[in-house]
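K.L.:
Here's a structure for you.
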Amino acid sequence: MHAQPDSLDRRSFFRRSAAAVGAAAFAPISVGVGAPDAQGAPAFRFAYISDSHLYSKSLNDRFARALMRAVDDVNNLDPQPDFVFYGGDLAQLGQAHELELGAQILSRLRAPLRIMVGEHDWYLDMGARWRQLFGEPTYSFDHKGVHFVVLMSVVEADFWTKRGMTPMERMVTVAGLDNGVQSPFTVGPEQRAWLHKDLEKLPNSAPLIIFSHSPLYKLYKNWNFWTDDADEVQAILKRFDRVVVIHGHTHQILTNRIGNIHFHGLLATAWPWPYPPQGVPALTIQMSRPDPFNPLDGCGDGEILVHADGLVDKVYNLWNRSPITVAKGYTASWGKECVPPKPNRPSF
Amino acid sequence: MRGVKALGAPRQGAALGAAVCAVALLHPLVAPGAQAAAVPKAPHGAAAMDFQLQELAKLLPRVDVAHPPARLDPVIWQAYVPKDNELTAARVALGRKLYFDTRLSADGTVACATCHDVTRGFTDQLKVSEGIKNQLGQRNAPTVLNTALLETVFLDGRSPTLDHQARQPIINPIEMGMPDGEAAVKAIAGDPEYQKAFQEAYGRPVNFEDIGRAIGAFERTLIFLDSPFRRFLEGDQSAISADAKAGWDLFNGKARCVTCHPMNLSNPLGTDNRFHNIGVSARHQDFEALAAKALKLLKDDPSEKKLDELALSTPMSELGRFMVTKNRADIGAFRTSILLNVGITPPYMHDGSLPTLWDVMDHYNKGGEPNPFLDGGMEPLALSEREIDQVVAFLFSLTDRRLALENQRQFVAQRAAAAKERKFRDQELATRRKLAFEDRIKAPKK
């Protein structure tokens with residue numbers, strides 16, 4: 001497919017009008033399916049929302065409002081995405097009323113919901129309420145020729161029994177950073193075996209997208225931007241021509257590539273994290289420091305445009321900024337082509 | 001409601017110094033409203049142009065173009081004066097003539113000064129402005145006072161400079177209604193006074209670009225920042241009342257105003273020059289449907305003129321900054337208003353929908369109007385009536401001393417109006433006894 005100058009799609013229209021008036025003009029979140037670009041048309045697209053960290057509404061209703069904004073954004077996509085993926089950490093402390101509030105807000109989505117669990121959803125009752133609301137946390141499905149796998153990558157070894165912790169003490173410890181008490185996240189041997197088996201029937205050329213709450217690599221252990229058995233999981237994925245891993249948890253623009261695996265982070269609706277102190281993968285174009293006076297700055301939702309080969313254009317729809325797309329060609333060329341715009345303010 | 005006794009008036013037991021100051025602010029010689037009755041009128045509710053010029057001469061007896069305005073850093077001032085339009089006496093004089101000249105409108109009834117009237121806070125104090133053939137626009141006219149210090153002009157920032165901005169109303173069909181710049185030039189080019197003035201000011205015959213430049217040059221002389229609050233910031237503790245001081249503390253604390261309205265000696269305007277959705281138009285608009293319509297229309301005609309017309313004449317006005325950037329993040333967002341002289345520029349907000357500063361406080365107190373694009377900084381504030389009065393007292397201390405009379409008149413009038421009706425007040429929301437988002441969750445799914 002090629003661009004036809006006389007029937008401009010919205011994106012090229014804005015690109016042109018931006019050039020024409022010399023003002024900043026960007027495509028709105030609603031990027032039409034079939035919008036031609038350098039990589040050809042995507043086969044389909046889905047939307048994402050992640051990391052809402054809902055509290056009880058008497059403590060904090062800001063995060064509930066933020067999740068509602070994301071639901072509004074997605075509901076107003078025209079045409080509607082094939083499905084909406086939720087990236088985990090719906091609740092802040094895994095309490096039933098937090099999860100129920102989240103389920104209530106997400107039930108307003110027009111498109112079908114696919115959901116992943118995060119550690120904040122799990123460690124109060126070890127997933128009991130979450131399972132009742134949303135089903136099993138590990139599953140796979142096929143959509144328009146692409147195989148999708150949803151993992152629970154936040155399995156922690158028991159640190160609580162020996163210490164005699166209450167469920168809430170366990171939950172609060174997992175929800176914390178830098179505490180040195182909790183265990184690192186893992187996928188664990190049981191799920192790895194399941195994954196191996198789930199992928200067994202697929203040829204090496206199969207388009208494959210994996211969802212994990214934590215990044216399936218080792219970035220910064222103190223904040224659990226980390227999966228302890230990432231090497232073992234990557235080994236299972238190694239035989240494929242190309243794999244996309246999409247993860248929540250990090251609340252920021254994050255791009256990485258390890259061999260055949262292309263990694264993309266998800267924006268949070270609740271708050272943006274700073275980048276970890278030891279740095280980020282070379283492919284990441286860091287977002288600049290969020291505005292401390294605007295709690296929505298650095299937050300957002302987005303879309304994922306899936307190409308026939310399984311690689312994706314990842315749209316970060318930042319609520320207080322211009323949307324940023326990390327196109328398939330960027331990770332495919334190891335950052336040589338399709339370079340996303342660098343922000344004009346420093347990172348943090 | 002619990003009223004503030006009078007602007008700057010001392011509370012019971014206040015020091016004598018404060019009482020003296022309050023009297024000075026009250027301008028004892030003229031009763032409120034006396035001035036308004038005496039003003040000779042021009043079309044569309046404006047004061048007669050000659051009368052405005054006399055008033056202006058009283059406010060600005062001498063224009064000094066060789067020095068930066070008092071109380072402004074020379075380096076900062078230089079940054080705001082365009083290189084192709086350095087201030088000269090000839091340019092300012094030409095701009096002043098143009099600013100009050102109704103010949104620049106299609107039917108000869110509208111000048112810049114019609115909606116930016118010297119006697120009405122350099123705005124029109126109307127909900128929305130009235131142009132030729134009595135047409136009403138969608139937007140409230142902002143004051144031109146101190147706009148020389150803005151980073152972008154128009155409430156949606158669609159213009160980069162005053163020089164550029166000044167040309168747009170002349171050719172907008174519902175404002176001054178000239179079909180194009182050439183028609184505006186033609187209307188005055190035969191006047192030998194103008195021929196001479198343009199030669200002196202810019203060394204060229206009459207032309208549209210220089211009409212904008214000259215008006216911009218004149219507007220750059222309208223720097224009015226010598227407020228009681230300014231004197232207070234400079235160290236005069238008695239310059240403002242105890243209520244206004246308490247209001248300043250609230251402004252920087254509980255009321256959260258300073259988040260978007262930074263005010264200090266080097267940034268006196270009280271605006272962050274950024275665009276925020278505070279929910280004003282969410283009361284009566286479907287943002288999504290409007291945005292879809294606007295994208296289509298601007299795709300068909302992306303010109304500057306089209307944008308200007310859509311922003312002023314259609315409900316798409318409510319989209320604000322989005323019309324300029326097409327970025328969803330900017331839907332319903334407007335530039336943070338200048339706070340200097342805010343007391344004399346009612347009604348408030350881009351659509352003039354809030355009649356008094358008490359209504360403005362009510363709007364913020366309940367966390368704005370809920371909508372998907374509401375700025376992240378908007379939260380219910382739980383301000384008490386007394387605290388609202390204090391913030392309002394502070395806001396009325398931001399008017400330049402030369403405009404104190406009008407400020408006092410406005411204070412009395414707004415206080416009376418607010419005592420009668422507070423349409424936007426919602427204590428349930430302000431104190432979080434009711435959470436705005438809950439109704440939306442429960443609403444039937446579309």
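K.L.:
Take the conditions over 24 Å from B:Cys115 (Cβ atoms), crowded, with 21+ Cβ neighbours inside 10 Å, over 20 Å from the mean Cα position of the chain (by Cα) and within 12 Å of chain A (Cβ to nearest Cβ) and apply them to B:Asn277. Does it pass?
P.N.:
Considered against the rule, which asks whether it is over 24 Å from B:Cys115 (Cβ atoms), crowded, with 21+ Cβ neighbours inside 10 Å, over 20 Å from the mean Cα position of the chain (by Cα) and within 12 Å of chain A (Cβ to nearest Cβ), B:Asn277 comes out as no.
K.L.:
Then there is this: Among the strands (runs of 3 or more DSSP E) confined wholly to the range A:291-348, which include 3 or more residues that are of a type in the set (A, V, I, L, M)?
P.N.:
Strands (runs of 3 or more DSSP E) meeting the threshold: A:300-306, A:312-318.
K.L.:
Return yes or no: is B:Ala189 among the aliphatic types (A, V, I, L, M), in contact with a helix residue (DSSP H, G or I) (Cβ under 8 Å, 6 or more places away or on another chain) and more than 19 Å from B:Cys115 (Cβ to Cβ)?
P.N.:
Spelling it out, B:Ala189 is indeed among the aliphatic types (A, V, I, L, M), in contact with a helix residue (DSSP H, G or I) (Cβ under 8 Å, 6 or more places away or on another chain) and more than 19 Å from B:Cys115 (Cβ to Cβ).
K.L.:
Looking only at the range B:380-390, decide whether some residue is at positive phi, of a type outside the set (A, V, I, L, M, F, W, C) and within 14 Å of chain A (Cβ to nearest Cβ).
P.N.:
no
K.L.:
If we keep just the residues of the range B:73-100 that are part of a loop (DSSP other than H, G, I, E, B) and farther than 28 Å from B:Met349 by Cα, which is modelled with the lowest pLDDT?
P.N.:
Here the answer is B:Asp73.
K.L.:
Let me ask something else about it. What number of residues within the range A:297-348 satisfy the criterion of being within 14 Å of chain B (Cβ to nearest Cβ) and touching a strand residue (DSSP E or B) at 6+ places or on another chain (Cβ under 9 Å)?
P.N.:
Of the residues in the range A:297-348, 18 are within 14 Å of chain B (Cβ to nearest Cβ) and touching a strand residue (DSSP E or B) at 6+ places or on another chain (Cβ under 9 Å).
K.L.:
Also: Quick one: A:Lys144 ticks every box in (1) in contact (Cβ under 8 Å) with a residue 60 or more places away in the chain; (2) under 16 Å from the mean Cα position of the chain (by Cα) except a single one, so which number is it?
P.N.:
All conditions pass for A:Lys144, except number (2).
K.L.:
Mind checking whether some residue in the range B:320-327 is out of contact with any helix residue (DSSP H, G or I) (no Cβ under 6 Å at 6 or more places or on another chain), closer than 29 Å to B:Leu435 by Cβ, of a type in the set (Gly, Ala, Ser) and within 14 Å of another protein chain (Cβ to nearest Cβ)?
P.N.:
No, the conditions are met nowhere in the range B:320-327.
K.L.:
Assuming A:Leu124 fulfils every condition listed in (1) buried (at least 21 other Cβ atoms within 10 Å of the Cβ); (2) within 14 Å of chain B (Cβ to nearest Cβ); (3) more than 20 Å from the chain's Cα centre (by Cα) apart from one, which condition is it?
P.N.:
(2)
K.L.:
In the range A:44-74, which residue that is out of contact with any strand residue (DSSP E or B) (no Cβ under 9 Å at 6 or more places or on another chain) and not in a loop (DSSP other than H, G, I, E, B) is surrounded by the most Cβ atoms within 10 Å (Cβ to Cβ)?
P.N.:
The selected residue is A:Ala66.
K.L.:
Just to confirm my filter: which helices (runs of 4 or more DSSP H) fall fully inside the range B:375-445 and include at least 2 residues that are surrounded by fewer than 21 Cβ atoms within 10 Å (Cβ to Cβ) and out of contact with any Lys or Arg (no Cβ under 8 Å at 6 or more places or on another chain)?
P.N.:
Once the helices (runs of 4 or more DSSP H) in the range B:375-445 are filtered for at least 2 residues that are surrounded by fewer than 21 Cβ atoms within 10 Å (Cβ to Cβ) and out of contact with any Lys or Arg (no Cβ under 8 Å at 6 or more places or on another chain), what remains is B:404-420, B:436-442.
K.L.:
A:Gly118 is checked against (1) at pLDDT below 95; (2) touching a His at 6+ places or on another chain (Cβ under 7 Å) and fails just one. What number does that condition carry?
P.N.:
(1)
K.L.:
Can you find a residue that is over 21 Å from A:Ala96 (Cα atoms), touching a helix residue (DSSP H, G or I) at 6+ places or on another chain (Cβ under 6 Å), of a type outside the set (Lys, Arg) and not in a helix (DSSP H, G or I) anywhere in the range A:161-170?
P.N.:
no
K.L.:
Would you be able to tell me the number of residues in the range A:286-298 that are of a type outside the set (Phe, Trp, Tyr) and touching a helix residue (DSSP H, G or I) at 6+ places or on another chain (Cβ under 9 Å)?
P.N.:
Counting residues in the range A:286-298 that are of a type outside the set (Phe, Trp, Tyr) and touching a helix residue (DSSP H, G or I) at 6+ places or on another chain (Cβ under 9 Å) gives 3.
K.L.:
How many residues does the range B:101-139 contain that are within 14 Å of the chain's Cα centre (by Cα) and part of a loop (DSSP other than H, G, I, E, B)?
P.N.:
The qualifying residues number 10.
K.L.:
On to the next question. What number goes with the only condition from (1) farther than 25 Å from B:Asn146 by Cβ; (2) within 14 Å of another protein chain (Cβ to nearest Cβ) that B:Thr314 does not pass?
P.N.:
In the conditions (1) farther than 25 Å from B:Asn146 by Cβ; (2) within 14 Å of another protein chain (Cβ to nearest Cβ), B:Thr314 misses (2) alone.
K.L.:
Next question, about the same structure. Just checking, which of B:Ala166, B:Ala184, B:Ala246 is more than 21 Å from B:Gly121 (Cα to Cα) and assigned by TED's automatic domain parsing to the domain that holds B:Ser129?
P.N.:
Going through B:Ala166, B:Ala184, B:Ala246 in turn, the sole match is B:Ala184.
K.L.:
Among the residues of the range A:132-160, which ones are part of a helix (DSSP H, G or I) and over 29 Å from A:Pro207 (Cβ atoms)?
P.N.:
Across the range A:132-160, the qualifying residues are A:Gln132, A:Leu133.
K.L.:
Please specify each residue of the range B:151-164 satisfying the condition of being touching a Lys or Arg at 6+ places or on another chain (Cβ under 8 Å) and either under 16 Å from B:His261 (Cβ atoms) or without any contact (Cβ under 8 Å) to a residue 40 or more places away in the chain (or both).
P.N.:
Hit for the range B:151-164 is B:Leu155, nothing else.
K.L.:
May I pose another question? State the number of residues belonging to the range B:314-357 that are part of a helix (DSSP H, G or I) and not charged (D, E, K, R).
P.N.:
Of the residues in the range B:314-357, 13 are part of a helix (DSSP H, G or I) and not charged (D, E, K, R).
The values are calculated or read from the model by the stated rules, or taken from the named source; none is laboratory data. Keep in mind the model is a prediction, meaning the values are calculated, not measured. Note that we place each Cβ from the backbone using ideal geometry, even for glycine, and neighbour counts take in every protein chain shown.
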